[in-house]
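The values are calculated or read from the model by the stated rules, or taken from the named source; none is laboratory data. Keep in mind the model is a prediction, meaning the values are calculated, not measured. Counting neighbours? That spans all protein chains shown, and the Cβs are built from the backbone with ideal geometry, glycine included.
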Amino acid sequence: MRRLRTLAIASGLYFVTGMAAAPACVAQSATPGTATPGPSQQQALKERIERLASSLESAQSQVDELRKEVETLRRDLSVANAQSAANAQSAANAQSAASAQSDISAQKAAEAPPTREADTQQQDQVSALREDQDVLAAEVKQHEQVKVESESKFPVRVTGLVLFNAFVNQGVVDEIDLPTSALRRSADVSHGSVGGSMRQTWLGLEGQGPVLGRLHTSARVSLDFFGGVGGGTTSGPARLVRLRTAGIRAETESNVFEARYDEPLISPLSPASLAAVAQPSLAWSGNLWTWAPELRFEHKTRLGQRRTLNLELGLRDPYMAGIQTYQEAKTLSPAELSRIPAIEARLSYGSAVDPGTRLSSYADPVATGWRIGGGGYYAKQSYGGGIIVNTWAITTDWQVPILRWLRLSGELYRGTGLGGLGGGAYRDVVQGTDRVTGVSRTFGLDSGGGWAQLQAIASPRMQWNAAFGQDAGSGSQLRLLNLPTPANALGFYARNRAITGNLMYRPWNSVVLSPEFRRIWSWPINGSPNVANVFTFSAGYQF
């Protein structure tokens with residue numbers, strides 16, 4: 001802008017100078033035939049010429065000043081360009097020095113002998129990178145295959161676990177491939193068994209539905225092969241397909257509405273195990289778990305950036321207590337005959353990050369979050385003749401990190417009539433005749449129990465799990481009446497206890513291996529406990 005302004009001033013002065021010189025040129029070029037001016041005219045012309053000359057000198061001085069200013073500007077511009085080039089060179093030199101220092105440090109690190117921990121981490125990283133490459137290659141290949149497509153055109157994901165379990169049982173157990181109780185030994189029955197099974201394999205579908213305003217909808221269903229036993233003359237016995245869990249879900253950032261077939265909301269946790277997937281580990285030994293229809297609502301309240309307070313409410317159709325026989329039609333449970341659904345509530349507090357609860361089914365790595373909760377349950381049961389039994393439970397659960405690699409989780413419960421939830425020594429009530437009066441009586445069985453698990457994370461691919469659990473019905477109540485002979489051997493028992501220990505190792509993300517040991521003590525109503533040892537090796541392919 002300053003250069004343009006300077007050029008404009010110089011052009012204007014040049015124009016003024018030219019205009020001043022024009023009259024003199026006209027006077028000098030007068031034709032010879034014109035009359036010579038008189039003295040007065042000559043004097044006037046001389047004064048005019050002097051004024052013009054004075055103006056020309058002034059204009060010339062201004063032009064000289066403008067030239068000096070232009071030269072000054074050029075020098076300033078040259079100095080600025082030189083300074084900018086010097087700064088750029090200094091920055092380049094500094095970057096080169098930093099790069100050279102980084103190369104020297106990297107070379108020293110490479111020349112230094114690696115520690116065992118660093119070598120292990122490098123090997124894990126290399127293995128993870130190779131596996132990621134394999135996964136990416138599989139995904140690229142999958143794009144060329146036929147996709148799973150739903151009729152609604154919303155995305156659907158196939159999940160599942162193909163699971164093989166090899167087992168050795170020392171003692172008599174209720175279910176050879178997934179024992180929960182130890183039975184009385186007798187001379188005519190083998191005191192051990194060995195075998196293999198793929199009956200705990202399960203398949204699942206997860207679908208995303210439409211978004212209705214702020215409401216996100218989804219659905220899930222999983223099936224396994226642990227139903228009734230079927231077989232033929234040319235094949236070994238195999239379980240029938242059964243519904244495992246299912247759910248229809250609608251949620252916002254703070255609220256969850258769900259209709260589901262799943263575990264009680266007052267008992268959201270289960271120990272980690274691949275030997276017990278068809279029903280969770282420590283089932284009937286302190287883990288309330290039975291799957292049943294349930295309506296559930298959850299509200300999450302954020303307390304700052306890192307904590308949440310969650311309130312859950314539910315209505316449940318309780319499972320019928322005891323060991324059920326396989327039936328063609330569903331039998332009404334005493335809770336259903338009362339015409340009042342069971343009511344559940346749970347309040348929990350902890351980190352905003354979900355600590356992960358479905359460890360028994362997926363064998364996922366342990367999350368770092370923590371949560372402590374407490375719950376309540378109430379239901380009525382009708383046994384005819386005006387006999388109404390009130391059942392209830394109070395529970396607490398926790399997931400607490402002790403160290404960065406060590407974690408404690410578990411549940412405790414106390415209540416009456418908990419057979420339908422997976423406790424109470426397979427009973428909701430005690431039914432029999434009074435030993436004194438001989439009158440038939442029915443009352444709810446008091447029971448309590450729980451479990452605890454310690455998890456040690458050796459690496460992202462390996463974890464150790466050790467758990468203990470117990471469920472106990474009131475022995476004094478069971479001995480108060482003369483009980484009828486039960487149709488199932490488990491009807492003789494009042495208390496169940498188990499300890500488990502396993503290792504879970506993932507050589508690849510899709511493959512998991514797990515050896516496990518379990519010891520079971522089962523106390524009859526009268527007498528000493530029966531004991532069984534169970535050794536299981538599980539190999540699963542997860543997809």
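Select from the stretch 524-541 the residues that are at pLDDT 95 or above and of a type in the set (Val, Ile, Thr) and write down the one among them that is surrounded by the fewest Cβ atoms within 10 Å (Cβ to Cβ).
Top of the filtered list is Val531.
Can you tell me which residue among Ala187, Ala182 is among the hydrophobic types (A, V, I, L, M, F, W, C), surrounded by 12 or more Cβ atoms within 10 Å (Cβ to Cβ) and either out of contact with any Pro (no Cβ under 7 Å at 6 or more places or on another chain) or modelled with pLDDT of 95 or more (or both)? It would help to see each step written out before you state the result.
On the way: Ala187 fails: surrounded by 12 or more Cβ atoms within 10 Å (Cβ to Cβ).
Of the residues listed, the single one that is among the hydrophobic types (A, V, I, L, M, F, W, C), surrounded by 12 or more Cβ atoms within 10 Å (Cβ to Cβ) and either out of contact with any Pro (no Cβ under 7 Å at 6 or more places or on another chain) or modelled with pLDDT of 95 or more (or both) is Ala182.
I'd like to check something: does the stretch 478-491 contain any residue that is within 20 Å of Val534 (Cα to Cα) and in contact (Cβ under 8 Å) with a residue 40 or more places away in the chain?
Taking the stretch 478-491 as the starting set, the residues that turn out to be within 20 Å of Val534 (Cα to Cα) are 489-490.
Adding the requirement that they be in contact (Cβ under 8 Å) with a residue 40 or more places away in the chain leaves 489-490.
Looking through the stretch 478-491, at least one residue is within 20 Å of Val534 (Cα to Cα) and in contact (Cβ under 8 Å) with a residue 40 or more places away in the chain.
Within the stretch 315-334, is even one residue modelled with pLDDT of 95 or more and not in a loop (DSSP other than H, G, I, E, B)?
yes
So how many residues does the stretch 134-174 have that are at pLDDT 65 or above, out of contact with any helix residue (DSSP H, G or I) (no Cβ under 8 Å at 6 or more places or on another chain), surrounded by 11 or more Cβ atoms within 10 Å (Cβ to Cβ) and under 21 Å from Arg506 (Cβ atoms)?
8
Just to be sure, is Ile266 assigned to a loop (DSSP other than H, G, I, E, B), assigned by TED's automatic domain parsing to the domain that holds Lys380 and hydrophobic (A, V, I, L, M, F, W, C)?
On the way: assigned to a loop (DSSP other than H, G, I, E, B): yes; assigned by TED's automatic domain parsing to the domain that holds Lys380: yes; hydrophobic (A, V, I, L, M, F, W, C): yes.
When the stated conditions are applied, Ile266 passes them.
Can you say whether Val439 is surrounded by 17 or more Cβ atoms within 10 Å (Cβ to Cβ), over 35 Å from the mean Cα position of the chain (by Cα) and of a type in the set (A, V, I, L, M), as far as the supplied structure shows? Step through it out loud before you land on a result.
Details: surrounded by 17 or more Cβ atoms within 10 Å (Cβ to Cβ): no; over 35 Å from the mean Cα position of the chain (by Cα): yes; of a type in the set (A, V, I, L, M): yes.
When the stated conditions are applied, Val439 does not pass them.
If I filter the stretch 361-376 for residues that are touching a helix residue (DSSP H, G or I) at 6+ places or on another chain (Cβ under 9 Å) and at pLDDT 95 or above, do I get at least one hit? First the steps, then the outcome.
To start, the set of residues in the stretch 361-376 that are touching a helix residue (DSSP H, G or I) at 6+ places or on another chain (Cβ under 9 Å) comprises 366.
Next, only the ones that are at pLDDT 95 or above stay: none.
Looking through the stretch 361-376, none of the residues is touching a helix residue (DSSP H, G or I) at 6+ places or on another chain (Cβ under 9 Å) and at pLDDT 95 or above.
Answer yes or no as to whether Ala498 is assigned by TED's automatic domain parsing to the domain that holds Asn509, surrounded by 17 or more Cβ atoms within 10 Å (Cβ to Cβ) and within 17 Å of Ser409 (Cα to Cα).
Numbers: assigned by TED's automatic domain parsing to the domain that holds Asn509: yes; surrounded by 17 or more Cβ atoms within 10 Å (Cβ to Cβ): yes; within 17 Å of Ser409 (Cα to Cα): yes.
Spelling it out, Ala498 is indeed assigned by TED's automatic domain parsing to the domain that holds Asn509, surrounded by 17 or more Cβ atoms within 10 Å (Cβ to Cβ) and within 17 Å of Ser409 (Cα to Cα).
Looking only at the stretch 385-424, how many residues end up being free of Cβ contacts under 8 Å to residues at least 12 places away in the same chain and either surrounded by 14 or more Cβ atoms within 10 Å (Cβ to Cβ) or at positive phi (or both)?
So the count comes out to 2.
Tell me whether the stretch 203-221 contains one or more residues that are surrounded by 15 or more Cβ atoms within 10 Å (Cβ to Cβ) and assigned to a loop (DSSP other than H, G, I, E, B).
Within the stretch 203-221 (the criterion being surrounded by 15 or more Cβ atoms within 10 Å (Cβ to Cβ) and assigned to a loop (DSSP other than H, G, I, E, B)), the answer is no, since none of the residues qualifies.
Please find, within the stretch 511-525, the residue that is farthest from Ala466 (Cα to Cα) out of those that are within 32 Å of the chain's Cα centre (by Cα) and either not basic (Lys, Arg) or not assigned by TED's automatic domain parsing to the domain that holds Thr159 (or both).
Top of the filtered list is Val511.
For the stretch 269-293, enumerate the residues that are part of a loop (DSSP other than H, G, I, E, B) and among the aliphatic types (A, V, I, L, M). Full working, then the answer.
First pass over the stretch 269-293, keeping only residues part of a loop (DSSP other than H, G, I, E, B): 269-282, 284-286, 288-291.
Within the stretch 269-293, Leu269, Ala272, Leu274, Ala275, Ala276, Val277, Ala278, Leu282, Leu288 qualify.
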